[in-house]
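What follows is one structure encoded as structure tokens, with my remarks underneath.
The values are calculated or read from the model by the stated rules, or taken from the named source; none is laboratory data. Values in this document were obtained by computation on a predicted structure and should not be read as measured data. All Cβ positions, glycine included, derive from the backbone under ideal geometry; neighbour counts span all protein chains shown.
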Amino acid sequence: MTAEPDGPEDRLRRFATIWSRAVFPVTSTSLTRPEFEQQLIPLARRLSEALRARTFQAAEGQAVGAAIVSAHCTDPEALSRTLDCVDAYLVLYCGEDGPQEALRTRSARLQHAMAAGFAQALRERTLSEQEAIYQAALNARSTVAEALHASEARFRAVFEGAAIGIAIADLEGNILQANGALLRMFGGSEQTMRGRRVPEWTHPDDAPQVWKLYEELVSGEREHYHVEKAFYRPDGTALWTNLTVSLLRDADGEPQYQLALMEDTTERRLLNLRLRYEATHDALTGLPNRTLFFERLEKALSAGDDQRFGLCYLDLDGFKTINDSLGHAAGDRLLVEVADRLQSCATAPGEMVARLGGDEFVALTIGPDTEREVDELAGRIMNALVTPISIDGRELAVRGSIGIVEGPAGERGPAEVLRSADITMYRAKSAGGNRFELADPEADARAITRHGLTTALPAALDRGEFFIEYQPLVHLADGSVHGAEALVRWLHPQHGVLGPDQFIPLAEHTGLIVPLGRWVLEQSVRQARRWQARHGGAGPLRINVNLSPCQLTHPGLVQDTVDILEREGLDAGALCLEVTESALIGADDDLLKPLRRLAEMGVDIALDDFGTGYSNLANLRRLPVSILKLDRSFTQGMQQFPADPVDLKIVEGIVSLAHSLDLAVTVEGVETGAQAEQLRILGCDTAQGWYYARPGPPERLHDLALVDATG
Amino acid sequence: MERPAWAPRSIDISVPSVSRIYDYYLGGSHNFEVDREAARKAMEFLPGLPKIMQANRAFMRRAVRFAADEGISQFLDIGSGIPTFGNVHEVARAARPGAHVVYVDHDPVAVAHSQAVLRDVDDTDVVAADLLKPQEILASAEVQRLIDLNRPVALLLVAILHFVEDADDPYAAVAELRDALAPGSLLVVTHASYEGIPLPAERTEGAVDVYKNIRNPLIMRSREEIARFFEGYDMVEPGLVPMPIWRPDTAPEDEDPYSFSGFAGVGRTA
């Protein structure tokens, strides 16, 4: 809109400009001043028209006053400035040429109306804004209340529906609230729970720290604690729980409530106890088992000063026979009866009886005075077994062997003690059984070695711990190497190299001698074949291999020997099997048959250790032997010079006898040149001993033979 | 323990609220006596506070128009407070009909009031959420419904960042929001500062103490510290400046001296 300079429109705008400049600084509008001025122009126009209207209309003034409030001029200063402006300039810019006095009066009346309109509008606006903000606060509160309600409903659902028991109490211990799970655990109603106090919930099984933790919590020194705790149910039974108690503080951090969360572990605990019982007791007899016994023994052995222990290790004599002849059911009943009797022997505090397995039982006593007590305990056990046990109408006499170990705590471990008891028990058993023996360190040591070697033997063969040394056999006539005797050795991982006398009897005892003997024969034959191949020109080297009595009776002897010879490609005539004289004493034809078969094939049989046993000279004819090996005891007398004349006569006689029976004679233990010379003169055929060479690895014999061949 | 989203804090109108104090400064009556008392106390130290608020509103108005002129039609106003007049949606709609606006505030009364005011306004909504939890804001149903994060957004943080202490790491929250915005988005910030206030710092501190006493500490930051909020943005001309100097419609010389307190700026994401 254009305005003619100083025309009415232009003057109206100038009024609006002045007005806007006056008021703008006290408005809160975010408009610019020119924008604000644009808002005032229509208001100025209304004022201008009302000024000049024929009749005064208060409503126009009021409307303009209200419009100022709508333009966000809510500060009373805005009204003041507006009225100043109207008073000073409205008539001047908008009065045109009207009567000044009347215009001024009209302007004054308009100002009154504007003030009233402003006040009215501001009041309305203030009230409506106050209403709005209160409404907003209410709405916000109800939103929060709804959310709180929803959240409380959720919490309540959690509280009520939780599978764990929840209770809230004040710091004096008064129960304020408990959930359904907790009531069910206690088997009570809410009434019975209300009014209860936490400190009443003591139980004899409470751990010592339980109530100390509680006091710390309610006094605010502790935020929470976790314990395993038992409670009494109204019916007197025990409720076991995993209990967590937490301190609840208010917004200022002051302790206010205690919160208990509990999980019913009664069933689990019973199950655990049962599992524990089953794991630690023998199902047949109900006695503590090996596991529990070891726990107790370990505890006894780690007890403090002045504490001692006594252990009886019982093994029934001949139980296997009962089991084999009467059956396992009868055997089991016998064991149950024995267990009952043993149980009645160990009733004092600190005494226990356990079944280790099979027919092995142990009784343990602990305390400061076990030296005496363990003897009495063993005596009671022997006594308890005296009365025969009646099974299926049979009266079975039960005997047992007991090994006793007694000593101070803190010196030995359970395994060591038990082993000692075991060995001692075997000692009692080998002394005829039905007795008890006291452990003795020396006997233990012997038995431990013997026992250890016996148990280590089978694995030793698999692990290749055996090896063979060879001792040369020399022709006395010309000193040439005639062959060698194979001597087996055991390279034991702990004990070092062991000679045959240390383990062959054990191998005989366990039957391992058969596979071991076969292995020795195989190795020796292979070695002999190797020697022959390497210096065939010097004539065949013979190999002597020892046969133990056990091997002699083994049905596979002949077949095994034939197989090995064939496989290795050695002529039967190059092998000599040495059999001790004692093994053939009283031998019948059945026993001799395999030897005969071997002899027929060309294998030489030597009678070893000749002269040490009960030599039945007449029997010699019957035996399929071709060589006599004189025991070293005959040659010992020839070590000095001059030689013992009696020994000389005996040897001379034996050689003469042997030669007349067409037997060759070999002497062992030749240690000096004088001996060798003497034996040659006496007519012995071959000799062996340190004078020539000690037993050694096969290479050494090979070297000897080479020297012999070239020399 | 962190308060779950479904358990809002309780409402205590006996505690002054910064949004209602702001309303009072702007001549409004959306406030309670506790708010007015705090506002009057602060004004004893800084009588020009209303002018600073007014300058804030005027700057916001220019910035929203600028954004609309830049082609932006989505506005996210965090810390929107009590809607009085000259609100973002009014300015934005005037410049760009159909613009979408989402207001965010953590004051439940401000949110309730906004809901009442916006009840009949299309494409505009309010979210009750905290600036410090940008993911809650971005994942809210209102933002999901009204803001397309694949297109540029004008993010308004007007007179809010100076209510967040460094310990709460407002920089991280602002950076997280920035990372969610499409290229070409704008960040609109005003922030209180000791710089530019036409009074000795001791006087200003009196006002600062008032906010501290109502448990809404006012964090005065230097221009440099404020500029760090724009990390990852290119500053729009004339940069970070006193409010009246930012793209003024009228000569800044005419402005009240108080309106030069603090800084305002707009940045654009690359």
Original post:
Of the residues A:L213, A:L182, A:L171, which is more than 14 Å from chain B (Cβ to nearest Cβ), within 21 Å of A:E263 (Cβ to Cβ) and touching a residue at least 60 places away in the same chain (Cβ under 8 Å)?
Top reply: A:L182
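Every residue, every condition in (1) of a type in the set (K, R); (2) assigned to a loop (DSSP other than H, G, I, E, B); (3) modelled with pLDDT under 95; (4) more than 17 Å from the chain's Cα centre (by Cα), yes or no:
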| position | (1), (2), (3), (4) |
| --- | --- |
| B:D130 | no, yes, yes, no |
| B:V143 | no, no, no, yes |
| B:R151 | yes, yes, no, yes |
| B:L156 | no, no, no, no |
| B:A167 | no, no, yes, yes |
| B:E176 | no, no, no, yes |
| B:E195 | no, yes, yes, yes |
| B:L199 | no, yes, yes, yes |
Original post:
Here are some residues: B:A39, B:A58. Which one is more than 10 Å from chain A (Cβ to nearest Cβ) and either of a type in the set (S, T, N, Q) or under 19 Å from the mean Cα position of the chain (by Cα) (or both)?
Top reply: B:A39
Subject >> Among the residues listed as B:E225, B:E195, B:E253, B:E202, the single one being farther than 26 Å from B:E70 by Cα, within 14 Å of chain A (Cβ to nearest Cβ) and surrounded by fewer than 21 Cβ atoms within 10 Å (Cβ to Cβ) >> reply: B:E253
Original post:
B:D234 is checked against (1) of a type outside the set (S, T, N, Q); (2) surrounded by 19 or more Cβ atoms within 10 Å (Cβ to Cβ); (3) touching a Gly at 6+ places or on another chain (Cβ under 8 Å); (4) not in a helix (DSSP H, G or I) and fails just one. What number does that condition carry?
Top reply: (2)
**OP:** Could you check the range A:478-571 for strands (runs of 3 or more DSSP E) lying wholly inside it with 1 or more residues that are within 42 Å of the chain's Cα centre (by Cα) and buried (at least 17 other Cβ atoms within 10 Å of the Cβ)?
**Re:** A:481-492, A:496-498
Original post:
Among the residues of the range A:427-462, which ones are without any contact (Cβ under 8 Å) to a residue 60 or more places away in the chain, closer than 30 Å to A:Q307 by Cβ and surrounded by 18 or more Cβ atoms within 10 Å (Cβ to Cβ)?
Top reply: A:R427, A:A428, A:E437, A:A439, A:D444, A:A447
**OP:** Kindly list, by first and then second residue, each pair from a residue in the range A:222-237 that is free of Cβ contacts under 8 Å to residues at least 40 places away in the same chain and under 14 Å from A:P204 (Cβ atoms) to a residue that is surrounded by 12 or more Cβ atoms within 10 Å (Cβ to Cβ) and small (G, A, S), limited to pairs with Cβ atoms under 6 Å and residues at least 6 apart or on different chains.
**Re:** A:A230/A:A238
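Suppose the filter is within 45 Å of the chain's Cα centre (by Cα) and within 14 Å of chain B (Cβ to nearest Cβ); does A:R154 pass it?
Yes; evaluated as a whole, the condition is true for this residue.
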Subject >> Cβ-Cβ under 7 Å pairs, at least 6 apart or on other chains, the range A:692-711 side in a strand (DSSP E or B), far side at pLDDT 75 or above and not β-branched (V, I, T) >> reply: A:G696/A:E469; A:G696/A:Y470
Original post:
Being small (G, A, S) and in contact (Cβ under 8 Å) with a residue 60 or more places away in the chain, is that true of even one residue in the range A:38-56?
Top reply: yes
Original post:
Among the residues of the range B:256-270, how many are under 21 Å from the mean Cα position of the chain (by Cα) and either in a loop (DSSP other than H, G, I, E, B) or closer than 26 Å to B:R178 by Cβ (or both)?
Top reply: 10
**OP:** Can you run down the residue pairs with Cβ atoms below 8 Å, 6 or more apart or on separate chains, where the first is in the range B:159-171 and farther than 19 Å from B:V88 by Cβ and the partner is part of a helix (DSSP H, G or I)?
**Re:** B:V164/B:P170; B:V164/B:A173; B:P170/B:L161; B:P170/B:F229; B:Y171/B:R228; B:Y171/B:F229
Subject >> Candidate set: the range A:113-129, residues that are surrounded by fewer than 17 Cβ atoms within 10 Å (Cβ to Cβ) and more than 7 Å from chain B (Cβ to nearest Cβ); chosen: the one nearest to B:V109 (Cα to Cα) >> reply: A:S128
**OP:** Would you check which residues across the range A:205-230 are in a loop (DSSP other than H, G, I, E, B), of a type outside the set (G, A, S), at pLDDT 90 or above and surrounded by fewer than 13 Cβ atoms within 10 Å (Cβ to Cβ) and list them?
**Re:** A:Q209, A:E221
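Conditions tested, residue by residue: (1) part of a helix (DSSP H, G or I); (2) within 8 Å of chain B (Cβ to nearest Cβ).
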| site | (1), (2) |
| --- | --- |
| A:E131 | yes, no |
| A:Y134 | yes, no |
| A:T143 | yes, yes |
| A:A150 | yes, yes |
| A:A163 | no, no |
**OP:** Collect the residues in the range A:231-243 that are of a type in the set (S, T, N, Q) and either in a helix (DSSP H, G or I) or at pLDDT 90 or above (or both), keeping them in residue-number order.
**Re:** A:T241, A:N242
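Out of all the residues in the range B:228-270, which are in contact with a strand residue (DSSP E or B) (Cβ under 8 Å, 6 or more places away or on another chain), among the hydrophobic types (A, V, I, L, M, F, W, C) and at pLDDT 90 or above?
The answer is B:F229, B:F230, B:M235, B:V236, B:L240, B:V241, B:M243, B:W246, B:F263, B:A264, B:V266.
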Subject >> Residues that are more than 8 Å from chain A (Cβ to nearest Cβ) and either on the phi > 0 side of the Ramachandran plot or more than 15 Å from the chain's Cα centre (by Cα) (or both), drawn from the range B:100-113 >> reply: B:H100
Original post:
Hey, does the range A:667-690 have a residue that's surrounded by 14 or more Cβ atoms within 10 Å (Cβ to Cβ) and aromatic (F, W, Y)?
Top reply: no
